[in-house]
Amino acid sequence: MSHYKVAVIGGDGIGPDVLAEALKVVRAAGVSFDATEYELGAARYIRTGEVLPDSVLDELRAHDAILLGAIGAPAESTEVPPGTLERGLLLKLRFDLDLYVNLRPFVGVPGAPAEDCDFLVVRENTEGTYAGEGGFLRKGTAHEVATQGSVNTRMGVERCIRYAFDLAMNRPAKHLTLVHKINVLTFSGDLWHRTFHEVAAEYPDVTTDYNHVDASCIYLVEQPTRYDVIVTDNLFGDIITDLAGAVAGGIGYAASANLNPARTGPSMFEPVHGAAFDIAGQNKANPAAAIRSAALMLDFLGERTAAEHVTDAVLSFINSHPNPTLSTTEIGDAIAERL
């Protein structure tokens, strides 16, 4: 087994709490690693005015993987302008490290609206409306204009779609659904649609489908088992994965991986539940999503057996505790003991 260097960004709110349990479980799985902690997030910004210094970004590049807890400021805070952390830290890491695939697995938990679901969402992670194209004209006047463009390149779209086809090829159902809005977004939608079908010709064993994004929201609620792998753009992926998290049992169980499949730098793994300041530091947060994110990290690093064991341990715990009343550390201990 290899030895790894993992950068740990606890971040804000419950982030440090849940990452501590994720690291505990990784150790219990027998994986050897050194963890280097980095203080990045709202607290650092408020104290220093820094979001992500170039020197810290260079240090992060030297690691095998990054574990991120949560980023954000309390809703009532006026010290962190909206978008400061999201664009200056989270999106900067995604763009500068070329983390072009956002992978989110969903497996229903007991009692969830979609407890039988088992599907993956592949979200393009470095283009679309999040690329930041746009600006203001006559800002602050009665004639103000704001534009927000969507950037879609053939390279960016194709590499994301190919990754999704490769995933689908290795799953029993071998089915891939493109989600977009081609009837209205006739330029970006056309690029996605054409690329999808051109790449599909190289994967004859994978069956395909297309859904408008609004239709997919209905299907995720009413027919979630119709999905195996979904591929979609940045904005649509952001929206439908939150919905998928809700129907699969709650956003508190949702894990994610920001991947650089070319492995030219570290990939980043994070739960998607947010900072939850109302329970921060109270040992009340459910660390399951952070632990599942750590399992995704192990899988990407090539520690597939350990990843499977961690995932199985998390699902075993969830199945036996569908409404856990245990503390954060007790949940971490219970999952670690299953290993």
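The values are calculated or read from the model by the stated rules, or taken from the named source; none is laboratory data. This is a predicted model, so every value here is computed, not measured. Neighbour counts are summed over all protein chains in view; Cβ atoms, including those assigned to glycine, are modelled from backbone coordinates with ideal geometry.
Right, residue 158: among the acidic types (Asp, Glu), assigned by TED's automatic domain parsing to the domain that holds residue 191 and at pLDDT 95 or above or not? Yes; evaluated as a whole, the condition is true for this residue. With respect to (1) touching a strand residue (DSSP E or B) at 6+ places or on another chain (Cβ under 9 Å); (2) under 21 Å from residue 279 (Cβ atoms), the lone exception for residue 7 is condition (2). The combined condition, being touching a Gly at 6+ places or on another chain (Cβ under 8 Å) and modelled with pLDDT of 95 or more, is fulfilled by residue 51. Among the residues making up region 206-216, those that are aliphatic (A, V, I, L, M) and either part of a loop (DSSP other than H, G, I, E, B) or crowded, with 17+ Cβ neighbours inside 10 Å (or both) are 206, 213.
Looking across 80, 25, 56, 51, one residue alone is among the aliphatic types (A, V, I, L, M) and closer than 22 Å to residue 290 by Cα. It is 25. A Cβ distance below 9 Å, combined with a sequence gap of six or more or placement on separate chains, defines the contacts here; from region 309-320, residues that are farther than 13 Å from residue 249 by Cβ and in contact (Cβ under 8 Å) with a residue 60 or more places away in the chain reach residues that are among the basic types (Lys, Arg) and part of a helix (DSSP H, G or I) in the pairs 310/292.
Would you check if residue 24 is in contact with a His (Cβ under 8 Å, 6 or more places away or on another chain) and on the phi < 0 side of the Ramachandran plot? Judged against the criteria, residue 24 is not a match.
A quick yes/no check of all residues on (1) crowded, with 20+ Cβ neighbours inside 10 Å; (2) farther than 23 Å from residue 253 by Cα:
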| site | (1), (2) |
| --- | --- |
| 14 | yes, no |
| 39 | no, yes |
| 61 | no, yes |
| 76 | no, yes |
| 86 | no, no |
| 106 | yes, no |
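When region 257-274 is limited to residues that are touching a Leu at 6+ places or on another chain (Cβ under 7 Å) and within 23 Å of residue 161 (Cβ to Cβ), the one that is surrounded by the fewest Cβ atoms within 10 Å (Cβ to Cβ) turns out to be 265.
If you go through region 296-339 and keep only what is of a type in the set (Ser, Thr, Tyr) and part of a loop (DSSP other than H, G, I, E, B), you end up with 325, 327.
Rundown of residues vs (1) out of contact with any Phe, Trp or Tyr (no Cβ under 9 Å at 6 or more places or on another chain); (2) surrounded by fewer than 21 Cβ atoms within 10 Å (Cβ to Cβ); (3) without any contact (Cβ under 8 Å) to a residue 24 or more places away in the chain; (4) among the aliphatic types (A, V, I, L, M), yes/no style:
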position	(1), (2), (3), (4)
204	yes, yes, yes, no
224	no, no, no, no
230	no, no, no, yes
235	no, yes, no, yes
245	no, no, no, no
254	no, no, no, yes
